[in-house]
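For reference, the structure is listed below as structure tokens.
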Amino acid sequence: MKRLKQRSPAFLGFFILTLSCCAVAAAPSSPDWTERFPPHHIAGNIYYVGTKGLASFLITTPAGHILINSNLESTVPMVRDSVEKLGFRFSDIKILLISHAHFDHAAGSAQIKKITGARYMVMDADVAEIESGGKTDFQYGNSPDAHFPSARVDRVLHDRDEVTLGGTVLTAHLTPGHTPGCTTWTLNVVEGGKTLHVVIVGSPNVNPGYKLVGNAAYPKIAQDYEAEFKVLKSLPCDIFLGAHGSYYGMETKFAALKPGGANPFVDPDGYKNYVADREQAFNIEFRKQSALKK
């Protein structure tokens, strides 16, 4: 047997670094994404119909309903069951929206469009990812486990566009960074005779492996995150919701629901604290990556 030539530690370090740079980014996942969670009323005409780990919101109107986030292909039947357990018809969903173009929030969209005929509306900078099934994603485009069935977008949205149905008006706020077209939705509801501002956060999180400095695939990612936090801090918020229930402490708040009691989802301070925490996490990661580039 031919004896292999011994390599220096420096060469091995370079080899490992090269492999890590060429590795396919692993898509995030969690067991609670496919775990059932009781559907429930949040406030006004907003209902939770997602799983334990992936939030979906049903907004009901006399002219049909709006669904925010289709989630995974495998969880579409769970979302449908939740809608029907609340006494609504899944087929009455007329508009489908998402928080951002990642598979955990958009993989079920093609299936839901087929079942309901809903019009699919997506922020302009996320349309390519949706219509390519995730293959053009700046981080996960080369990761097959992050791909999903492509779906045709029926209406391309732009920052501050309104989506209206049956007297309900939602505003799409571009809050980029997590994806280029990440969208935070706002609407008002009336609860106990009082108008409440609802904010459904798209995502302010920096995923593991995101390059905030020198990202050739998304050169202005850091500036986009900074713009996102500026928008989030400007929004009036009484009821704080998000693309994952963990953003707003869904399980704790659901457990606190009591007939005739105060609505635990009314949490303006929780919103401010969450945004501040996520902005701090971004700044720490950005400074760390910037220091490594020097």
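The values are calculated or read from the model by the stated rules, or taken from the named source; none is laboratory data. On a predicted model such as this, the values are computed, not experimentally measured, just so you know. Positions of Cβ are generated from backbone atoms using ideal geometry, with glycine treated the same way; all protein chains shown enter the neighbour counts. These accessible areas exclude ligands, DNA and RNA; they are computed on the full protein's heavy atoms, side chains included. Shrake-Rupley method; radii C 1.70, N 1.55, O 1.52, S 1.80 Å.
Numbers below:
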item: Top-ranked residue of the range 233-284 - restricted to ones that are farther than 14 Å from residue 199 by Cβ and of a type in the set (Lys, Arg), ranked as surrounded by the most Cβ atoms within 10 Å (Cβ to Cβ); result: 253
item: Residue in the range 264-274 that is in a loop (DSSP other than H, G, I, E, B) and among the hydrophobic types (A, V, I, L, M, F, W, C) present; result: yes
item: Scan of the range 193-211 for residues that are open to solvent by 10 Å² or more (accessible area, probe 1.4 Å) and over 21 Å from residue 271 (Cα atoms), ordered by number; result: 193, 208, 209, 211
item: Residues satisfying the stated conditions in the range 76-96, i.e. touching a Phe, Trp or Tyr at 6+ places or on another chain (Cβ under 7 Å) and either in a loop (DSSP other than H, G, I, E, B) or open to solvent by less than 10 Å² (accessible area, probe 1.4 Å) (or both); result: 83, 86, 96
item: Among (1) over 21 Å from residue 223 (Cβ atoms); (2) assigned to a loop (DSSP other than H, G, I, E, B), the one test that residue 111 misses; result: (2)
item: Single condition residue 180 does not satisfy, out of (1) within 23 Å of residue 265 (Cβ to Cβ); (2) in a loop (DSSP other than H, G, I, E, B); result: (1)
item: Scope the range 141-192; condition among the β-branched types (Val, Ile, Thr), open to solvent by 30 Å² or more (accessible area, probe 1.4 Å) and within 20 Å of residue 94 (Cα to Cα); matching residues; result: 156, 164, 169
item: Of all residues making up the range 115-166, the number that are touching a Phe, Trp or Tyr at 6+ places or on another chain (Cβ under 9 Å), not in a loop (DSSP other than H, G, I, E, B) and not charged (D, E, K, R); result: 5
